[in-house]
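Undergrad: Sharing a structure below in structure tokens format, with a few things to ask.
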Amino acid sequence: MDAAKELLASVPLPPTETRTLRLLGAERLEIGGVESDHDDWRRERVRSLVGYLVVHPDATSDAVMTALWPEANEEAARRSLRSTLNLLLGVLEEGRAGGDAAYFVRADRGRVRLAGHDRLDVDVWRFDSLLNEATQLEADGAPSLALDCLTEAIDLYRGGLLSGIVEGEWLHLERQRLHVRFVGAAVRGAELLLAHNRADEAIALATRTLQIEPWSEPTHRSLVAGHLQRGDRAAAHRAMQQCHEMLADLGGPVDELTEMLERRLTGS
């Protein structure tokens with residue numbers, strides 16, 4: 001009987017409710033569709049750890065410590081990792097008996113793994129998956145289906161990765177990668193919307209994108225083209241002027257496509 005209990009305790013039991021992690025923008029954790037108000041979720045180090053494990057689902061303990069506690073000595077970093085893992089498990093698996101195996105986070109043999117993907121809904125994972133699917137659909141000649149994927153991915157992007165966390169080097173790199181993917185998706189999404197004569201939606205998307213990335217020349221072009229498609233030349237001229245002001249601030253050359261669009265706008 002004792003052996004059977006020990007065996008059962010070593011087998012992680014799946015929770016009945018999905019954990020939803022929203023890390024693009026302000027961090028949110030939902031359990032069974034209800035936002036968690038667990039005190040330890042408010043701890044930055046807990047949110048940093050889960051964010052790191054979302055980006056690196058199978059990492060060495062040393063890599064985690066270097067990323068999250070770069071200034072600490074090894075002993076202090078190990079204490080911090082052990083403490084933060086316990087706090088994270090308390091957040092994700094509140095009510096789990098102390099001797100039961102963890103379902104979501106496994107730490108053994110010098111590695112830390114984020115497991116239980118069947119009970120995890122993570123916006124970062126979904127975002128990347130949708131954009132990869134959109135790329136494949138376009139390659140397969142299905143731009144309308146690709147646009148659906150792009151639109152869903154764009155809606156997931158509520159802001160920079162872990163926007164409530166103080167930056168570390170690992171976070172800066174991953175935040176920038178996702179930011180670049182978002183802008184690229186938004187540019188392509190606006191182009192496809194214009195190709196489907198959905199100017200209002202293209203204008204709304206371009207406007208939102210410029211609030212996040214005001215230095216995107218292709219996005220400025222989409223805004224101009226959207227106003228032109230609607231027949232609002234005055235708005236198109238204003239958008240083109242904003243584009244020129246941005247380019248002047250950057251000090252770079254004007255793209256040939258922007259020049260072509262301006263000639264279309266001016267009728268020259």
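Undergrad: Quick check, is LEU247 surrounded by 16 or more Cβ atoms within 10 Å (Cβ to Cβ), modelled with pLDDT under 95 and either in a helix (DSSP H, G or I) or touching a helix residue (DSSP H, G or I) at 6+ places or on another chain (Cβ under 8 Å) (or both)?
TA: Working: surrounded by 16 or more Cβ atoms within 10 Å (Cβ to Cβ): yes; modelled with pLDDT under 95: yes; either in a helix (DSSP H, G or I) or touching a helix residue (DSSP H, G or I) at 6+ places or on another chain (Cβ under 8 Å) (or both): yes.
Taking the combined requirement at face value, the residue satisfies it.
Undergrad: Same structure again: Here is a list of conditions, (1) outside any helix (DSSP H, G or I); (2) touching a residue at least 12 places away in the same chain (Cβ under 8 Å); (3) in contact with a helix residue (DSSP H, G or I) (Cβ under 8 Å, 6 or more places away or on another chain), and GLU94 meets all of them except one; can you say which number that is?
TA: All conditions pass for GLU94, except number (3).
Undergrad: Could you check, for segment 187-203, whether at least one of its residues is within 19 Å of the chain's Cα centre (by Cα) and among the β-branched types (Val, Ile, Thr)? First the steps, then the outcome.
TA: Initially, segment 187-203 is screened for residues within 19 Å of the chain's Cα centre (by Cα), giving 187-189.
Filter once more, so that each one left must be among the β-branched types (Val, Ile, Thr): 187.
Yes, because at least one residue in segment 187-203 is within 19 Å of the chain's Cα centre (by Cα) and among the β-branched types (Val, Ile, Thr).
Undergrad: Could you list all residues from segment 1-30 that are modelled with pLDDT of 95 or more and among the hydrophobic types (A, V, I, L, M, F, W, C)?
TA: LEU21, LEU23, LEU24, LEU29 - these are the residues of segment 1-30 that are modelled with pLDDT of 95 or more and among the hydrophobic types (A, V, I, L, M, F, W, C).
Undergrad: Among the residues of segment 131-149, is there at least one that is within 22 Å of LEU228 (Cα to Cα), crowded, with 18+ Cβ neighbours inside 10 Å and in contact with a helix residue (DSSP H, G or I) (Cβ under 7 Å, 6 or more places away or on another chain)?
TA: Checked against the condition, which is being within 22 Å of LEU228 (Cα to Cα), crowded, with 18+ Cβ neighbours inside 10 Å and in contact with a helix residue (DSSP H, G or I) (Cβ under 7 Å, 6 or more places away or on another chain), segment 131-149 yields at least one hit.
Undergrad: Which one of ARG119, ARG106, ARG96, ARG181 is at negative phi, of a type in the set (D, E, K, R), at pLDDT 95 or above and surrounded by 13 or more Cβ atoms within 10 Å (Cβ to Cβ)? Can you show your working first?
TA: Details: ARG119 fails: at pLDDT 95 or above; ARG106 fails: at pLDDT 95 or above; ARG96 fails: at pLDDT 95 or above.
On inspection, the qualifying residue turns out to be ARG181.
Undergrad: Filter segment 150-178 down to the residues that are within 11 Å of LEU131 (Cα to Cα) and either surrounded by fewer than 13 Cβ atoms within 10 Å (Cβ to Cβ) or among the small types (Gly, Ala, Ser) (or both) and list them by number.
TA: Result: ALA153, single match.
The values are calculated or read from the model by the stated rules, or taken from the named source; none is laboratory data. Predicted, not measured: the structure shown is a model, and the values here were computed from it. Methodologically, a virtual Cβ is constructed for each residue, glycine included, from the backbone with ideal geometry; neighbour enumeration extends over all protein chains shown.
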